[in-house]
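Reviewing the structure listed below.
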Amino acid sequence: MTYQEWFREDRLPHIYCTGCGNGTVINCTLMAVDEMGWKKEDTAFISGIGCSSRAPGYIVTDSLHTTHGRALAFATGVKLGNPDLHVVVFTGDGDLAAIGGNHFIHACRRNIDLTVVCMNNQIYGMTGGQGSPTTPMGALSTTTPYGSAEPAFDLCELAMAAGANYVSRWTSYHVKELTRAVLTGMQTPGLSFIEALVQCPTNYGRRNKFKQVLDQVEFMRSHTVLIQKLKRMEEQGEKFPDPVIPVGEFVRRNRPALGVKV
Amino acid sequence: MKLVIDERRCKGCNLCTLVCPYRIFRPGKTPNRKGTIIPELDRPERCTNCRLRHLYGRTLCGMCQMICPDQAIRWEEEKPNEPHKVAIEY
Ligand SMILES: Cc1ncc(C[n+]2csc(CCOP(=O)(O)OP(=O)(O)O)c2C)c(N)n1
Ligand code: SF4
Ligand code: SF4
Ligand SMILES: [Mg+2]
């Protein structure tokens with residue numbers, strides 16, 4: 001089987017804007033699902049609300065498109081109700097870290113056997129570009145017209161501190177690495193959190209000096225550094241490049257997990 | 001095999017032009033019927049996947065297909081004696 005067979009052909013092309021990174025993340029996730037060899041009947045995709053959260057609607061399996069921020073709460077119910085199901089959550093930065101922030105930390109604490117893929121475009125894409133908890137300092141959005149004055153959440157650090165068993169970050173440029181990370185996440189029992197930084201040309205890029213789709217992707221390509229390399233640089237007292245996006249595997253461990261199929 | 005861009009799906013973002021090691025994709029120039037400017041293919045028979053997919057029995061490289069956010073890139077079997085016949089060695 002190929003990953004293309006997991007798409008609902010009748011629903012394509014999807015509604016995402018030209019050059020939106022969400023479509024790439026769906027490709028990578030489905031490729032990982034396909035490599036896992038899961039059956040369509042045994043797999044469920046759950047999401048909240050947002051552009052990113054529309055992803056399950058383009059996939060042939062059963063899915064739940066739930067209320068804003070509650071994807072993890074619904075997914076917890078699905079997984080505990082039927083631990084035989086493979087449950088994958090698609091969510092956005094707003095969905096996961098703003099309105100759904102509390103569900104996020106508690107799902108990580110409980111370490112429920114889910115794979116959570118967060119498409120982080122650092123903005124509320126669907127509602128027209130309001131700032132989110134991951135909007136970088138200085139970035140423009142409709143709610144931060146003079147540049148965001150707040151420090152942003154690091155979702156990976158958050159997931160790690162809250163107790164997730166597997167945490168990693170890649171971007172929509174790093175398709176092979178992202179696919180491998182999602183695959184490893186799916187193989188790891190407990191909560192696996194994969195953050196995929198994505199370009200949102202319409203609501204983020206346009207306002208933040210990325211005039212073309214390729215400009216923002218090029219930025220992600222050239223500003224990502226492996227987390228291991230950053231640690232090494234820190235030990236040797238070297239200065240980090242600025243800005244820098246740490247990518248790679250943040251943690252893989254074996255804390256007690258909930259809802260693991262026995 | 002030959003490389004095709006599905007015009008019904010491509011939205012013209014040009015992400016494929018960024019990833020192909022052979023630079024097979026080039027930004028297009030003329031809008032199609034829908035007003036989308038589809039990338040042009042520069043000698044697509046050079047693509048590793050076109051040449052060696054059957055030999056290896058799996059997708060090789062495939063970067064363009066993976067990054068395409070609109071699932072518009074795929075490979076098709078060629079009909080016999082098609083003008084753009086792909087040779088195994090290039
Ligand atoms: C309870 C509730 N509050 C607010 C909204 C409005 N709303 C819809 S999507 C969204 C933000 C989504 O942002 P994110 O999760 O980052 O998704 P993106 O569109 O960026 O992929 C908001 C605030 C809503 N639908 N429901
Ligand atoms: S608004 Fe942004 S996140 Fe939403 S579809 Fe458009 S580019 Fe993608
Ligand atoms: S599969 Fe690789 S070599 Fe072939 S067209 Fe795509 S990116 Fe280029
Ligand atoms: Mg967002």
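What's log10 of I(q)/I(0) for chain A at q = 0.13 Å⁻¹, Debye sum over Cα points only, no solvent?
-0.78
Beyond a 30 Å Cα-Cα separation, which of these cross-linked pairs lie in this structure: A:Lys176/B:Lys11; A:Lys176/A:Lys209; A:Lys176/A:Lys229; A:Lys39/A:Lys231? The partial results should precede the final answer.
Values: A:Lys176/B:Lys11 23 Å; A:Lys176/A:Lys209 27 Å; A:Lys176/A:Lys229 19 Å; A:Lys39/A:Lys231 39 Å.
The pairs that break the limit, which is 30 Å between Cα atoms, are A:Lys39/A:Lys231.
Going through the cross-link list A:Lys40/B:Lys34; A:Lys40/B:Lys2; A:Lys40/A:Lys79; A:Lys211/A:Lys239, which pairs have a Cα-Cα distance over 23 Å in this structure? Please report the intermediate quantities before stating the final value.
Numbers: A:Lys40/B:Lys34 34 Å; A:Lys40/B:Lys2 30 Å; A:Lys40/A:Lys79 16 Å; A:Lys211/A:Lys239 30 Å.
Beyond 23 Å: A:Lys40/B:Lys34; A:Lys40/B:Lys2; A:Lys211/A:Lys239.
List the relative contact order of chain A as a percent without decimals, with contacts defined as Cα pairs under 8 Å and 6+ residues apart. Can you show the working numbers first?
Working: 579 pairs, mean separation 50.1, N = 262.
19 percent.
Compute, for the range A:3-252, the length of the dipole vector about the Cα centre, with Cβ point charges of +1 (Lys, Arg) and -1 (Asp, Glu) only. Units Debye, rounded to 20. Please report the intermediate quantities before stating the final value.
Details: 22 positive and 24 negative charges, 67 e Å.
About 320 debye.
Once amide H atoms are placed 1.01 Å from N in the peptide plane, what residues at a sequence separation of 5 or more from A:Ile112, or on another chain, have their amide H within under 5 Å of its amide H?
Residues meeting the criterion, in which the H sits 1.01 Å from N, are A:Leu191, A:Leu258.
Please name whichever of A:Gln212, A:Leu197, A:Leu226 sits farthest to the positive end of the charge dipole of the range A:180-251, dipole taken about the Cα centre and charges placed at Cβ: Lys and Arg +1, Asp and Glu -1.
Ranked along the dipole, the leading option is A:Gln212.
Based solely on its DSSP helices, what 222 nm [θ] is calculated for chain A when runs of n ≥ 4 H residues each add -39,500 (n - 2.57) and the sum is averaged over all residues, nearest 500 deg cm²/dmol?
Details: 7 runs with 77 residues, N = 262.
After summing the helix terms and dividing by residue count, I get -9000 deg cm²/dmol.
Considering every residue in B:7-18, what mean count of other chain Cβ atoms within 10 Å of its Cβ is obtained? All intermediate terms of the calculation are to be shown ahead of the outcome.
Numbers: counts 0, 2, 4, 2, 9, 3, 13, 6, 11, 0, 1, 6.
For this peptide, the per-residue mean of nearby foreign Cβ atoms is 5.
Restricting to bridges with both residues inside the range A:3-252, how much of the DSSP beta-bridge set is antiparallel, in percent to the nearest 5? Intermediate values should be presented prior to the final figure.
Numbers: 7 of 36 bridges.
Roughly 20 percent of the beta bridges in the range A:3-252 run antiparallel, per DSSP.
How many nm is it between the label spots at A:Arg232 and A:Glu150, if each spot is 7 Å from the Cα in line with the beta carbon?
So the two model labels end up 3.7 nm from each other.
Every read-out reported here was derived from the displayed coordinates using simple, explicitly stated rules and does not represent laboratory data. Since we're looking at a predicted model, the values are computed, not measured. Note: ideal-geometry Cβ built from the backbone for every residue, glycine included; neighbour counts use all protein chains shown.
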